[in-house]
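Only one structure is covered here, and it is reproduced in the block below.
The values are calculated or read from the model by the stated rules, or taken from the named source; none is laboratory data. Here the structure is a predicted model, which means the values were calculated and not measured. Cβ placement follows ideal geometry from the backbone for every residue including glycine, while neighbour counts extend to all protein chains displayed.
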Amino acid sequence: MTIATKVPVITLNEVSKRFIIRKEKSLKERLVNFGRSRKHKEDFWALDGIDLDIEAGTTVGLIGANGSGKSTLLKVIGGIIQPTRGVVRRRGQLAALLELGAGFHPDLTGRENVFLNGAILGLSQKQIEGYFDSIVAFSEIPDFIDTQVKFYSSGMYVRLAFAIAIHVDPDVLLVDEVLAVGDEPFQKKCLDKIKEFQQEGRTIVLVTHDLTTVQEMCDRTIVLSHGKVIFDGDAVEGVAALRANFATQ
Amino acid sequence: MRSPVTNTVAQERIRRIEKLPFVAAGAPDATLLGGFWGGVRDVITHKSLLDLLIRRELKARYKDSSLGFVWSFIRPLTMLLIYYVAIGQFLGAARSVPQYAVFVYSGLTIWGLYNEIIASSTTSILANAGLIKKVYVPRELFPLASIGSALFNFGIQMIVLLAAIVVTGQFPLSWNLLYALAAIVVVVTYGIALALFLSAWNVYLRDIQYLVEVALLIFFWASPVVYAWTQVQTVAKNHAWIADVYLLNPMTNAILAFQKGMWEAGSKTNVLGLNAAGKPNVIKPVDWPAHLDFRLLVLFVIGLALIYVAQRVFSRLQGNFAQEI
C-alpha cells in the first residue's frame, strides 16, 4: 500500500462492551422481582477485546452474522456508545450515517432539518447556508424540502440524510446499511460519491451484508463473530472467511 | 479492489490528519473534577447547536395547531382565572391578600418556570432517542434545551405579568426587584441540577416521569403560590417549627423572593373593604422571612454544588443511554 496505510485515524485498544439486558423497566416489576433480580438480567459481551487500527484513506468493511457486534463496533467508534472497557481514539472530522434519517425531527420541514442535522454533524449555520442548494440538488427532492419530514417516504429520508452527511466534508465516514433503502439510480449515485471520497483520501467504515459491495469497494475487511475479530485482511479472503464461519454454525 | 490512494488531494488530507492529535471518542473522561469542566466545555463548543435545539423545541411544540404560540398565553391565563375565581373569590383568599390577581400570577409565573423545566427535561433524553442512538452530541444539550425553551415561555409570561402590574397601576420600581432576579437565578440553578439528574435517571427507570408529575403537584401546594405566606404563618403561630420546615423548600424561598419583588402591595399596609364587624379590614404588610437575601445566597451555593453532583451522575449514566432507550 501507499503512504495511506501509515497514518491511523482510529485506534481501538482492548475495547469491550457488555450489554446487560434487564427484563423489567418499571418500579413495580423491580419491586416484585427484588432479590431475584439476577434471573431477570442477561448479560453478554457484544464486543470482546477488540484491538484495531484504521488507517487514513482506507475503506474498511465490517461484516459478520446478525448480532455479531458490527453495528455496536461502529457506534463505539462514533462515540454513541461508551465501551465498558478499553479506549477508542480518533482524529479528524467524523460523520456517521447510522440507520434511517439520523436525527431528523418528524415535525420540522426538510429545510429546518437540514440546518439542525448539519449543526449536529458539526457544520456552522453559515456553512450550511452555503451548501444548502447543493444538498437539495444531491437529494433530488426540491419539491418536498418545505414539507414536514414525517410525510417523507423512507427513500426521501435517506436521500436527504446522505446528502447532508457528504457535505460535512468528513475525514471519516461511518456508514451502516443505509444505502439499501434508496432506489437503484440513487444507490449508484451514492456509491459513486463514496468512490469519489476514496479518491480524496477519506476513510470509510462500512457495515453491510452486501458482500459484493464489500469485495468491490473495500481495501480491508474485518469479520466479526460474537464480538471478536475472526478475520482481518483482504476483502475477498474476508468474504470467504465469513462464508466459512456461516458454514460452521 | 480499488487502486491505492496516490493523488495529491488525498495525500494532502492524510498529511493534515497526521498532524491532528487523537481524541477519545464520545463523552469526556469520567474523572472527578476534570470531567465536570470537560462536560461544560463540551456544551460551550456546541452552543449554536443548543440554540437550534431550543428553537426546534419551540417550533415543534405548536407546529400543527392553528393558534400556535397563542397557546402559551392561554394556559397560564386560564390558570390565573381559575385560581382568582375559585380560590381568591369563592374560598376568600382575596379578602386577606391584597391585589390577589398580581399575587397569584407572580407565583404562577415563577412556579411555571420551575414546573416546565422539571417536567419537560425529565423526558428530554427519551424524547430525543432518535438522535442519541445515531449521533454523538453532548447529551447534556437535551435537558438544557428544555430549560432554554422553558425560559422562553417564562419570558412571555413575564411580559403578561408586567403588563398586568402596569394595568393595576403599581409598578414595583424598587430595590426589591433584585429579589425577583435572585429568585429566577435560584430556580434555574435548581432546575439545571434536577433536569440533569432526572433526565438521566428516567432512561433507566421510566417511573421517574410519573413520580415527577406527582411530586410537582405536591410541591405546588407546598409552596405559597395560591395562598399567602401570611396564611402559613397564622397556622404555624404556635408551632414555629412548621414554618421552619416549610421554609426548607428552596422553591418556597424563591417564590417568596419573587413575590417580594413583583407584588408591591404585599409590602404595604392595605385596607380591603370592611370585615364582619363592620370595621375596615386592615391587612398588615407581609412579614417576609428574616434574612431572605442570605437564604437565597446559601440556596444558590447549594444549587451550584448540586449541579456539579448532577453533572457527574449524568456523565456516568450517559454511557449506556444509546442502548437503554
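Brief remarks follow.
- Scan of segment A:141-165 for residues that are surrounded by fewer than 16 Cβ atoms within 10 Å (Cβ to Cβ), outside any helix (DSSP H, G or I) and not small (Gly, Ala, Ser), ordered by number: A:Asp146, A:Thr147
- Residues within segment B:145-168 that are of a type in the set (Val, Ile, Thr) and in contact (Cβ under 8 Å) with a residue 24 or more places away in the chain, tallied: 5
- The set of residues in segment B:260-293 that are hydrophobic (A, V, I, L, M, F, W, C), surrounded by 10 or more Cβ atoms within 10 Å (Cβ to Cβ) and more than 14 Å from B:Ser174 (Cβ to Cβ) comprises B:Val271, B:Leu272, B:Leu274, B:Val282, B:Ile283, B:Val286, B:Leu292.
- Single unsatisfied condition, B:Arg41 versus (1) at pLDDT 85 or above; (2) part of a loop (DSSP other than H, G, I, E, B); (3) of a type in the set (Lys, Arg): (2)
- Of the residues screened, A:Ser225 is one that is within 27 Å of B:Ala25 (Cα to Cα) and among the hydroxyl-bearing types (Ser, Thr, Tyr).
Yes/no matrix, rows are residues, columns are (1) more than 14 Å from chain A (Cβ to nearest Cβ); (2) modelled with pLDDT under 85; (3) more than 27 Å from B:Met158 (Cα to Cα); (4) touching a Phe, Trp or Tyr at 6+ places or on another chain (Cβ under 7 Å):
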residue: B:Thr269; (1), (2), (3), (4): yes, yes, no, no
residue: B:Leu274; (1), (2), (3), (4): yes, yes, yes, no
residue: B:Pro280; (1), (2), (3), (4): yes, yes, yes, no
residue: B:Leu299; (1), (2), (3), (4): yes, no, no, no
residue: B:Gly319; (1), (2), (3), (4): no, yes, yes, no
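- Helices (runs of 4 or more DSSP H) wholly inside segment B:239-325 that include at least 3 residues being within 27 Å of B:Val188 (Cβ to Cβ) and without any contact (Cβ under 8 Å) to a residue 40 or more places away in the chain: B:240-246, B:292-317
- Filter result (at pLDDT 85 or above, in a helix (DSSP H, G or I) and within 21 Å of A:Ile63 (Cβ to Cβ)) within segment A:191-226: A:Ile194, A:Lys195, A:Phe197, A:Gln198, A:Leu211, A:Thr212, A:Val214, A:Gln215, A:Glu216, A:Met217
- For segment B:86-101, a residue qualifies if it is at pLDDT 85 or above and among the polar types (S, T, N, Q), and the qualifying residues are B:Gln89, B:Gln99.
- One residue from A:Lys75, A:Lys39, A:Lys6 being at pLDDT below 85 and facing another protein chain (nearest Cβ under 9 Å): A:Lys6
- Residue selected from segment B:119-133 under the condition modelled with pLDDT of 85 or more and assigned to a loop (DSSP other than H, G, I, E, B), by the criterion farthest from B:Gln323 (Cα to Cα): B:Thr123
- Total residues in segment A:214-231 satisfying the condition of being touching a residue at least 60 places away in the same chain (Cβ under 8 Å) and either over 14 Å from A:Ser68 (Cβ atoms) or not β-branched (Val, Ile, Thr) (or both): the figure is 10.
- Residue list for segment B:38-58, restricted to those being of a type in the set (Ser, Thr, Tyr) and more than 9 Å from chain A (Cβ to nearest Cβ): B:Thr45
- Residues in segment A:199-217 that are over 15 Å from the mean Cα position of the chain (by Cα) and either within 28 Å of A:Trp45 (Cβ to Cβ) or among the polar types (S, T, N, Q) (or both): A:Gln199, A:Leu211, A:Thr212, A:Thr213, A:Gln215.
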